[in-house]
Every structure is written in structure tokens, then in C-alpha cells.
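The values are calculated or read from the model by the stated rules, or taken from the named source; none is laboratory data. This one's a predicted model, so the numbers in the text were calculated from it and none came from an experiment. Here the Cβ positions follow ideal geometry from the backbone for every residue, glycine too, while neighbour counts run over all protein chains shown.
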Amino acid sequence: MAEKLRKYRAKRDFEATPEPSAADASAGEAQRFVVHEHHARRLHWDLRLERDGVLVSWAVPRGIPPDPKRNHLAVHVEDHPLSYIDFAGEIPKGNYGAGQVKIWDSGTYECHKFRDGEVMVTLHGEQVEGKYVLFRTKGDDWMIHRMDPPADPGREPMPERLKPMLARLAELPADDAAYAFEIKWDGVRALLYSEGGHVKLESRNLTDVTPRYPELRALGRALGSQDAVLDGEVVALEDEGRPSFQLLQGRMHLASDSAVRRRMQSVPVTYMIFDLLYLDGHSTMELAYQERRRLLDELELADDHWRTPAYHPGDGNAMLTASRDQGLEGVVAKRLDSTYEPGRRSSGWLKVKNHRRQEFVIGGWTRGEGGRSGRLGALLVGYHDVTPAKAEERGEPQRLVYAGNVGTGFSDEDLVRVGQRLEELERDSSPFDGRQPARGALFVEPRLVAEVEYGELTKTRTLRHPSFKGLRDDKDPSEVVLELTEE
């Protein structure tokens, strides 16, 4: 027995860790098992089987597979004492396996095979019930496979590459009681996929932006074994707690991991979670908004870098007034009975803004004068006359319509960053169809999208008092059309 637990004891200082020593082991009446959820440097699960006076153990990074279609890696680790079967607690920092250990499941098991390279058992637990085989692939690397049918016959695979549902620009709805109202967050939209504690974050144009926001990976730890797809907005908050799209610019366009790590100290981000699209093997998208929000609230997702902001059924006018008083962008009205429609700009969701603001395609620029001599003076921006789908329907290409110049709102960093991008996209001819900018314009390929706030549109649909808010790389330029308010 001492030899079996030699590795276990050698890795631990029992005066510094609350883990049980090998001296207090006691055999059970039946063959027992435990699955620990271990929040160490990387979240994983530990499967431990009582065998010959010890717990034979495997670390399973993605948890016990619920479906025979998916095998999971299981790394064989040192045997543990039998008393570890009841252990739960915090292993202090600086110790081997430091982090929180929870009992995720426990019970008894039947043994069908237990030999070098292959272990076949039937587990009888509260969360895991079924026949499994573990088999060695190379060295300490094994795989774990469920041999029985799925534990949940109706389980659906996690959806992939979903596009977020979008809201239509509108005034406050007349039938207030049919809607709930949320703050409209000034950031970038992202769907978060968490599976077995591992997180992936995708922007609305399906770009993987996980490396840009490493502080959000810990959300996978918070969800643990609960597989989920979340919808929300990544924001950077000012000292007063208001989201700032311009502040977020300092995180959106970084090119290297080292630059991200440096900037995340001065510009941390927060993920504002407002919808739940999938949970533990089942899509929630066909459920009503109110039911999805109930399930989301039950997850109790709240931390320094993520929140689940409240929603308010009815009284949209009060909510809009409060958002205006706090200097926020506006509100989103969501029908309580609305389902989630990926990729659609649905009338079930309405965005009501305090300020006119939207994306425009950059088609050119002018050189600056005076203090901006030799640098960017103004952007020449426009919008497409129709969406790509409408263009295909009518059998004609989209037209990029000139909407005016944007010459204010730039920080010194913006002038440098945007100027460099424009120089890379130079072209000889104008990308605008119809009305053209004044002479002296420099043209670019229409691949960049700018967020612009403006006072109003003239009769010719030219921007008045526009101000640059930042570049958006999360929206396809071809999708940029003029947003008009729905009454």
C-alpha cells in the first residue's frame, strides 16, 4: 500500500494542504467511485475508482462524456488514498494541484474488466449512470468512452457558428406590457460557447475573438460541467461604470497575445450576458424570451469580468429616461414571448436610441490641415442601398451611397491606426455610386466599417454633425445599410 501511494505522498506537503494523508484510509463495503470537479490551473474533472485499497485516478479535461458519439481524453495520474473519496476543499496556492476541489458525483460501480490498458465499469451515481470503458492510447494518455446509449436520449449537440439575433431601430413600442426592456450596451456583440469548461468567443461575423479577451476564459470555470451558449456584449467600462466604445478600441484591434496581456491591465473588459441559447444538451432558442431569461438568471453568472444585467418588464419610457440620464446609448425592447432567431433582424427586438448612431462603410479620406497636416483629416463614408440578399433578389449589385465626411471624434491613436489602415487599401477610383465627394478625395477599397454618431440626416441623406466613435471589425461591410426608425 505504501508503494502504491508513494507518488501521491511525494507530491504533497500535508502540513500545507488539507488533502488527506495515506494514513487514514478505510475500505468501503462496495466498490465506490467519485468524480471531483477540480478548479486547478486548468479546470478538469478527476475520475477515481476504488480498487485494491486505493483510488485509481484519471484526470478528464472535458468531463465524463454523456454520449457514446464523443470520447474524452483521460490522463492516468497517481493513485490516491481511499479517504480522498470524501475530500472537498481548497488546496492552497503553491501546492501541487492548487485550487478548489468539489465532489461533482459519487456512488458505486460494477467492474467488468480492470487490467493494464483497459478498464470497463458501470457507474451508478446521481449524475453519471451507465457503462464506460477507459483504454490507453499512449503512455499515461487514455480515452474514456460511454458504451451505453446517451444518458439523455433527447440530447442535442451544441450548435456551432450561430449569428446573433439583431434588433430593429424603432421608437418605444405602444404595448409596453408585452415587452421587457434592457440597457443597450456600447460594445461588441459576441456569442460565448462553453463546453466542459472550455470557452470560445465568436463575434457577429463569426470571427473567433477568444484570444482578444482572455479574462473571459474563466467564465468556463464558473459554468463548470454545464455546457452553454450565451449571447452578450463585450464592453470596456469607464471609471463611472459607463461603457465606452472608444475605450474598447484599445482592445479590439491588438495583433499579439503580449499586447493583449499588457492592455488588459489598463483596459479590462466585462461581458454583459443577456441571453441563453443552449443549456446542457438542449437548445433554448424556441423558448420565449422570458423563459430564456429565467434559465439564464438561475445560472447566477456574476464576477469581475461578467454580469447578467437585469431586465425590466414594462415601463419602457422610464427605462429610456434613466438610460439617457446616465449617458447610456439607449434601450432594447424585447417581446416577452419572442423566440431567438439567429442572424435575423427581428421585430421581436427593438432598439431605441438616445443618440443617432450606426455603422458606415469607409470609401475614402481627405488629408488634414493645420494641426493635422500630413495626417488623416476626414473619412468619406457611405452605406449600401440594399442588403446582399435584396441585391441578389433584384439581380443587380449593391450600390455604395456617399453619406458625407466625418472629421471629428478622433483621438491621436485613432488618427495613426486608421491612417495606417487606409494607406493599405488605396485605390484610384471612387467606390461610391452616384453622388461623389468633393475634389481632392483619396479613395480606398470599401473594407473598413466605422461607428459614427450624428445629429441628423439631411433630405439628401447626408450626415450632419457626425463624430467618429471607432472602427468595427465585427461587421461585414456588405451588410451596412442605412437604419431608419420604425414607428
Can you tell which of Tyr109, Tyr96, Tyr84, Tyr132 is at pLDDT 95 or above, assigned to a loop (DSSP other than H, G, I, E, B), outside the structural domain of Asp231 (by TED's automatic domain parsing) and more than 30 Å from Lys334 (Cα to Cα)?
Tyr96
I need the full set of residues from segment 285-303 which are part of a loop (DSSP other than H, G, I, E, B) and free of Cβ contacts under 8 Å to residues at least 12 places away in the same chain, in order please.
Glu300, Ala302
Selection within segment 152-185 - in a loop (DSSP other than H, G, I, E, B) and among the acidic types (Asp, Glu)
Asp152, Glu156, Glu160, Glu171, Asp175
Only one of Gly348, Gly327 is part of a loop (DSSP other than H, G, I, E, B) and either in contact (Cβ under 8 Å) with a residue 24 or more places away in the chain or in the same structural domain as Ala389 (by TED's automatic domain parsing) (or both); which?
Gly327
Evaluate the following for Arg367: is it assigned to a strand (DSSP E or B), within 26 Å of Met252 (Cα to Cα), of a type outside the set (Asp, Glu) and within 27 Å of the chain's Cα centre (by Cα)?
no
Just the residues that are surrounded by fewer than 15 Cβ atoms within 10 Å (Cβ to Cβ) and aliphatic (A, V, I, L, M), please, taken from segment 99-138.
Ile103
Can you name the condition, by its number, that Pro149 falls short on among (1) in a loop (DSSP other than H, G, I, E, B); (2) in contact with an Asp or Glu (Cβ under 8 Å, 6 or more places away or on another chain)?
(2)
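Yes or no, residue by residue, for (1) among the small types (Gly, Ala, Ser); (2) out of contact with any helix residue (DSSP H, G or I) (no Cβ under 7 Å at 6 or more places or on another chain); (3) crowded, with 22+ Cβ neighbours inside 10 Å; (4) under 26 Å from Arg293 (Cβ atoms):
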residue: Gly187; (1), (2), (3), (4): yes, no, yes, yes
residue: His198; (1), (2), (3), (4): no, no, no, yes
residue: Arg212; (1), (2), (3), (4): no, no, yes, no
residue: Leu247; (1), (2), (3), (4): no, yes, no, no
residue: Ser256; (1), (2), (3), (4): yes, yes, no, no
residue: Arg263; (1), (2), (3), (4): no, no, no, no
residue: Ser266; (1), (2), (3), (4): yes, yes, no, no
residue: Thr270; (1), (2), (3), (4): no, yes, yes, yes
Sort through Glu78, Glu90 and tell me the only one that's in contact with a helix residue (DSSP H, G or I) (Cβ under 6 Å, 6 or more places away or on another chain), at pLDDT 95 or above and surrounded by fewer than 20 Cβ atoms within 10 Å (Cβ to Cβ).
Glu78
Residue check, His44 part of a strand (DSSP E or B) and within 20 Å of Gly224 (Cα to Cα)
yes
Counting only residues that are in contact with a Ser or Thr (Cβ under 6 Å, 6 or more places away or on another chain), more than 21 Å from Glu233 (Cα to Cα) and in a loop (DSSP other than H, G, I, E, B), segment 442-487 contains a total of 0
Do any residues in segment 240-254 that are without any contact (Cβ under 8 Å) to a residue 40 or more places away in the chain have Cβ atoms under 7 Å from those of residues that are of a type in the set (A, V, I, L, M, F, W, C) and assigned to a loop (DSSP other than H, G, I, E, B), where the two are at least six apart or on different chains, and which pairs are they?
Leu247/Ala236; Leu247/Val267; Arg251/Ala236; Arg251/Val267; Arg251/Val269
For the subset of segment 351-364 comprising residues that are in a strand (DSSP E or B) and not hydrophobic (A, V, I, L, M, F, W, C), which member is surrounded by the most Cβ atoms within 10 Å (Cβ to Cβ)?
Gly363
Tell me which residues, restricted to segment 288-301, are surrounded by 18 or more Cβ atoms within 10 Å (Cβ to Cβ) and touching a helix residue (DSSP H, G or I) at 6+ places or on another chain (Cβ under 8 Å).
Leu301
Qualifying residue in segment 310-325 (condition: surrounded by 14 or more Cβ atoms within 10 Å (Cβ to Cβ) and within 22 Å of the chain's Cα centre (by Cα)):
yes
Conditions (1) touching a Ser or Thr at 6+ places or on another chain (Cβ under 6 Å); (2) under 20 Å from Met120 (Cα atoms); (3) exposed (fewer than 14 other Cβ atoms within 10 Å of the Cβ): number failed by Val34
(3)
